[in-house]
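The values are calculated or read from the model by the stated rules, or taken from the named source; none is laboratory data. Fair warning: this is a prediction, and the values are worked out from it, not measured in the lab. Note that we place each Cβ from the backbone using ideal geometry, even for glycine, and neighbour counts take in every protein chain shown.
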Amino acid sequence: MVLITKKPKTFEVQFSDPSKAYYSSGDKVAGKIVIEVTEVTKVSAIRIYGIGCAKVEYIKGKQRCRKEIDYLKYEDVISLDHLPTDQDGCVILRPGNKYEYMFGFELPQPGQLVSSYKGKFGCVEYYVKAVMERASQSALECKQHFEVVEPLDVNTPDLMAPAAGTKEKKVTCMFIPDGKVSITAKIDRKGYCEGEDITISAKFENQCSRIIVPKAAIVAKHTYRANGHTKVLREKLCAVRGDHVISGMYGVWQGKSLHVPKLKPTILGCDIIHVDYTLMVYVHIPGSDKLILELPLVIGTIPFNGFGSRTSSVSSQEGSMSNSSGVSVPSSPPSYSEFPQDNYTDNPFAPLLDDFDEDDSPICMHTPGLYLPPPPAYTEVDEENHSSPIVMQFS
């Protein structure tokens, strides 16, 4: 014979401060368990659990990879001594009454927890679970999640140090050398927080025959490890681009600004889940792979407190408004020094700067009826034909 019972009207965990956005190491998690029943209920015990764990689960070929790591394990039994009991020692809860049981525990000290995280193949979660054990009936449980954010200070010497790099790529056209493209980039520091501006100084040199477009983006790298296997996901979060750089020229970014959006902090202390960030400075080259330079980034929770943060923010805004792509300085070949200035600036081949990202290339529009003196002899790739570039000879 199966005994059918009604569910309680209310059985939930409530935190003492519902407006608290997150907890950190050493904080006290406190609240109450609220119970309202719809029929007379005999309760033998009420248990409270504080749980924190990292989980990874994904499929690798035919194998299901799973792994868990515990960061918080708290257990306690709520005292029911002040309530009347029956001959079996069970507490009797009656309809029409509201029962509240307080609880509280402290989180472990710094260095023992990992910030909350939720990704495609894993998570780091924290919650309080209450279990109500009933006489001759199955136990009931409820849970309430809470966020944990571990402090990460970007004012340490390592994160305040600048990051810089240089990279170049040789370009070919139909297996024929077509010059090279290079990037040199620098940022003032490695550590940033949500809402800050990353100030980028960079030089893009174009010694090939194609029009290139410089860009920069914040990229998140999610790494999951389980059963000896590793799965990596890369995600482009936000980006900025500069003006095109034509053949034989170079472009300069002086204080190009990239705003840091709302991001979870860098996670490095977990053995099965890592979240790393990089600043990817790259160049789109039509008909060729991108030239990519990655600079290390750490997203923290304690903002930069130096005077340079405000100065760099102002300079980055001015730089992005007044000189986002920098000046273009000609180098031979070809030479445009003999061109009239008004004709040079009104070149009929004006790139449109819409960002198509993965497969984009500068699109040129033709302005009819404008006469220009012929330029010096050089070769140029027709950008409108992506599948088989056409080389045009001017003389």
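Do you know which of the residues in region 118-144 that are more than 17 Å from residue 102 (Cα to Cα) and without any contact (Cβ under 8 Å) to a residue 24 or more places away in the chain is farthest from the chain's Cα centre (by Cα)?
The extreme case among them is 138.
Before we move on, is residue 189 out of contact with any Lys or Arg (no Cβ under 9 Å at 6 or more places or on another chain), within 30 Å of residue 264 (Cβ to Cβ) and of a type in the set (Lys, Arg)? Outline the logic, then answer.
Details: out of contact with any Lys or Arg (no Cβ under 9 Å at 6 or more places or on another chain): yes; within 30 Å of residue 264 (Cβ to Cβ): yes; of a type in the set (Lys, Arg): yes.
Yes, satisfied.
I'd like to know if region 228-240 contains one or more residues that are in the same structural domain as residue 289 (by TED's automatic domain parsing), surrounded by fewer than 19 Cβ atoms within 10 Å (Cβ to Cβ) and touching a helix residue (DSSP H, G or I) at 6+ places or on another chain (Cβ under 9 Å).
The first filter runs over region 228-240 and keeps only residues in the same structural domain as residue 289 (by TED's automatic domain parsing), leaving 228-240.
Retained after the next criterion (residues that are surrounded by fewer than 19 Cβ atoms within 10 Å (Cβ to Cβ)): 228-239.
When the remaining residues are screened for being touching a helix residue (DSSP H, G or I) at 6+ places or on another chain (Cβ under 9 Å), the result is 236, 239.
Yes, the conditions are met somewhere in region 228-240.
Let me spell it out: the conditions are (1) in contact (Cβ under 8 Å) with a residue 40 or more places away in the chain; (2) crowded, with 17+ Cβ neighbours inside 10 Å, and residue 80 meets all of them except one. Which number is the exception?
(1)
Report every pair of residues separated by at least 6 positions or lying on different chains whose Cβ atoms are under 6 Å apart, first residue within region 28-54 and aromatic (Phe, Trp, Tyr), second at pLDDT 90 or above.
49/75; 49/129
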